[in-house]
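Please read the structure below before turning to the comments.
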Amino acid sequence: MMALQKTVEKAAGIIKKHEYVRVVSHYDADGITSAGIICNALLRRGIQFHTTIVSKLERSFIQGLNEELIIFCDMGTAQLGLISEYLKEKDVIIIDHHTAPLSSRSTSSDELVLSPPSSFAHINPYLSKSKNKGEGEIEGEVCAAGLSYLVARCLSDDEKDNIDLAGLAVAGALGDKLEMDRGINKMILDEAIKEGVISLKKGLKLGDGKIRDLILFSADPYIPLMGKVEWVDAFLDKLGIEGDKKLSDLEEREERRLTTALLSLSGESKAGAGISEDTLVGITYILNSEVVRNGLKFMRLVDACGRFGKAGIGIGLCLREERMIEEATSLYIKFQSKLVSELNRIESGEGIIKELPNIFYFYVHESGITGVLAGIVAEYLYTGKPVIALNKKNRAEEGKRAETRISARCNKKLVAEWKGDGIDLAKAMEKASKEVEGFGGGHPVASGASIPEGSEDKFIATLDRIIGKQKTF
């Protein structure tokens, strides 16, 4: 933690020397909230900025950056070699929580990852862990938004400045499905609760809105009634609960009745794992400083904006622009509709999910939902092996090769069951994608790759073999 804090302080010191900053971040909820935290902190110091949200960092993009200070959020560790090559004369801050790719773990590359140019500040908890094995190791996972929050706190002139941005850090953690009860996340949450920035409430983890709509679009947690209008109406009529009533307006006894009824649906579902009480009921985070106060709902709106190429609206929400809520909500409904369509197809169709000895895999018909869909399938429907989702919908841009985008997901319970070094989808996806001249990486339980169109069969066979070698029982 000490090494990480020193790097955070170095980053804040670098930022204070500049009047203009280029902020580059990833397009998911963690990436957008991470950028949102930095943008708020810059605004409050009177520092101008330009923010760009991207799906990945490419050589041509990095090469084209010419600002004196560039801040990368939720990305950059995997591209440190390229960033060092093209931006070594610039001030660069990387705020990331992804592991370095295997290709960067040779002796020479290790020095590059751990000792970038002196004008760089590389904030990554994995680097701190590798330097301080055992003693002082950071407990628990932290997202990029949490790390950005630490930078924002260091940028303040008063000990309580920027604490109100903690809600964005929590939204980022919710997006990456991280636990809030340990390490840096707990520190951020405890501070925010003490200052009244965040409130906690126990109840249904469905977000907020009309009960009928919440159930109709509830893909995560997975509710078997999802997408079935008549079934939802009959279900609520039987319970005597008005579908147009907001979840937050339910009386305690009504919410208990609804919870019991939803849990009872688990036994009637074809889903592999069904819906557990822990998945359905738990802590709801109320973000008292944000324009959308329900933490889950806020995260989902921001995430949908990024996935539909409207990240500016997501950043606007993070900057507390109330006028952005309506359009963000429309994008979220569109996103959930795509998810529901795909999940209904998977549930009803034979042969859509294919099985190999060590993985399940399937092709996605809709665009923009691949990673989220893979996560839901792995968590609720096909839980016994890692799930791989392939999407050919992202057509080639002019002058570029056609690519297939791939998302790999694995539920955490399965990871605990596999012995040895266990499942590491980041390593597996990186190795398999290289075999077909693609690129991959990410987290052990959630990873992605891009491969040339036409190489899917070889990639899947290679990935299955690699994951098979990872597991021992």
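Please verify whether Leu174 is more than 17 Å from the chain's Cα centre (by Cα) and farther than 25 Å from Ile14 by Cα, treating the condition exactly as stated.
Details: more than 17 Å from the chain's Cα centre (by Cα): no; farther than 25 Å from Ile14 by Cα: yes.
Judged against the criteria, Leu174 is not a match.
Quickly run through the stretch 277-306 and pick out the residues that are farther than 14 Å from Thr33 by Cβ and either among the β-branched types (Val, Ile, Thr) or not in a loop (DSSP other than H, G, I, E, B) (or both). Give the steps one after another, and end with the answer.
Pass one, the stretch 277-306, residues farther than 14 Å from Thr33 by Cβ: 277-284, 286, 288, 293-294.
Glu277, Asp278, Thr279, Leu280, Val281, Gly282, Ile283, Thr284, Ile286, Asn294 - these are the residues of the stretch 277-306 that are farther than 14 Å from Thr33 by Cβ and either among the β-branched types (Val, Ile, Thr) or not in a loop (DSSP other than H, G, I, E, B) (or both).
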Is at least one residue of the stretch 423-430 in the same structural domain as Phe360 (by TED's automatic domain parsing), at negative phi, touching a Ser or Thr at 6+ places or on another chain (Cβ under 7 Å) and part of a loop (DSSP other than H, G, I, E, B)?
-> no
Given Glu58, Glu9, Glu67, which one is within 23 Å of Lys88 (Cα to Cα), in contact with a helix residue (DSSP H, G or I) (Cβ under 7 Å, 6 or more places away or on another chain) and of a type in the set (D, E, K, R)?
-> Glu9
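Tell me whether the stretch 351-359 contains one or more residues that are more than 18 Å from Gly175 (Cα to Cα), among the β-branched types (Val, Ile, Thr), surrounded by 22 or more Cβ atoms within 10 Å (Cβ to Cβ) and not assigned by TED's automatic domain parsing to the domain that holds Ala145.
Taking the stretch 351-359 and keeping what is more than 18 Å from Gly175 (Cα to Cα), we get 351-359.
Remaining after also requiring among the β-branched types (Val, Ile, Thr): 352-353, 359.
Imposing the further condition that a residue be surrounded by 22 or more Cβ atoms within 10 Å (Cβ to Cβ) reduces the set to 359.
From what's left, not assigned by TED's automatic domain parsing to the domain that holds Ala145: 359.
Yes; the residues of the stretch 351-359 include at least one that is more than 18 Å from Gly175 (Cα to Cα), among the β-branched types (Val, Ile, Thr), surrounded by 22 or more Cβ atoms within 10 Å (Cβ to Cβ) and not assigned by TED's automatic domain parsing to the domain that holds Ala145.
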If you take the residues in the stretch 203-232 that are in contact with a helix residue (DSSP H, G or I) (Cβ under 7 Å, 6 or more places away or on another chain) and acidic (Asp, Glu), which one is nearest to Leu280 (Cα to Cα)?
-> Asp220
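Residue by residue, here is whether (1) among the small types (Gly, Ala, Ser); (2) in contact (Cβ under 8 Å) with a residue 60 or more places away in the chain; (3) out of contact with any Asp or Glu (no Cβ under 9 Å at 6 or more places or on another chain); (4) not assigned by TED's automatic domain parsing to the domain that holds Asp244 holds:
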site: Ala144; (1), (2), (3), (4): yes, yes, no, yes
site: Arg153; (1), (2), (3), (4): no, no, no, yes
site: Ser156; (1), (2), (3), (4): yes, yes, yes, yes
site: Asn162; (1), (2), (3), (4): no, yes, yes, yes
site: Gly175; (1), (2), (3), (4): yes, yes, no, yes
site: Glu179; (1), (2), (3), (4): no, no, no, yes
site: Asn185; (1), (2), (3), (4): no, no, no, yes
site: Lys202; (1), (2), (3), (4): no, yes, yes, yes
site: Leu214; (1), (2), (3), (4): no, no, no, no
Which ones in the stretch 35-90 are of a type in the set (Asp, Glu) and touching a Gly at 6+ places or on another chain (Cβ under 8 Å)?
-> Asp74
When Gly81 is evaluated against the numbered criteria (1) over 26 Å from Gly368 (Cβ atoms); (2) at pLDDT 95 or above, which criterion, by number, is the only one it fails?
-> (2)
Boolean, Thr259 is touching a Leu at 6+ places or on another chain (Cβ under 8 Å), without any contact (Cβ under 8 Å) to a residue 60 or more places away in the chain and more than 27 Å from His50 (Cα to Cα) | yes
Go through the residues of the stretch 168-178 one by one and say whether even a single one is modelled with pLDDT under 90 and closer than 26 Å to Arg256 by Cα.
-> yes
Mind listing whichever residues of the stretch 240-265 are under 15 Å from Ile223 (Cβ atoms) and outside any helix (DSSP H, G or I)?
-> Ile241, Gly243
Of the residues in the stretch 11-25, those that are in contact (Cβ under 8 Å) with a residue 12 or more places away in the chain and more than 13 Å from Leu147 (Cβ to Cβ) come to Ile14, Ile15, Lys16, Lys17, His18, Glu19, Tyr20, Val21, Arg22, Val23, Val24
Of these, Arg59, Arg22, which one is within 21 Å of Leu319 (Cα to Cα), surrounded by fewer than 24 Cβ atoms within 10 Å (Cβ to Cβ) and among the charged types (D, E, K, R)?
-> Arg22
Would you tally the residues in the stretch 1-26 being out of contact with any Cys (no Cβ under 9 Å at 6 or more places or on another chain) and not β-branched (Val, Ile, Thr)?
-> 12
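The values are calculated or read from the model by the stated rules, or taken from the named source; none is laboratory data. Note that the structure is a prediction, hence the values are computed from the model and not measured. Note: ideal-geometry Cβ built from the backbone for every residue, glycine included; neighbour counts use all protein chains shown.
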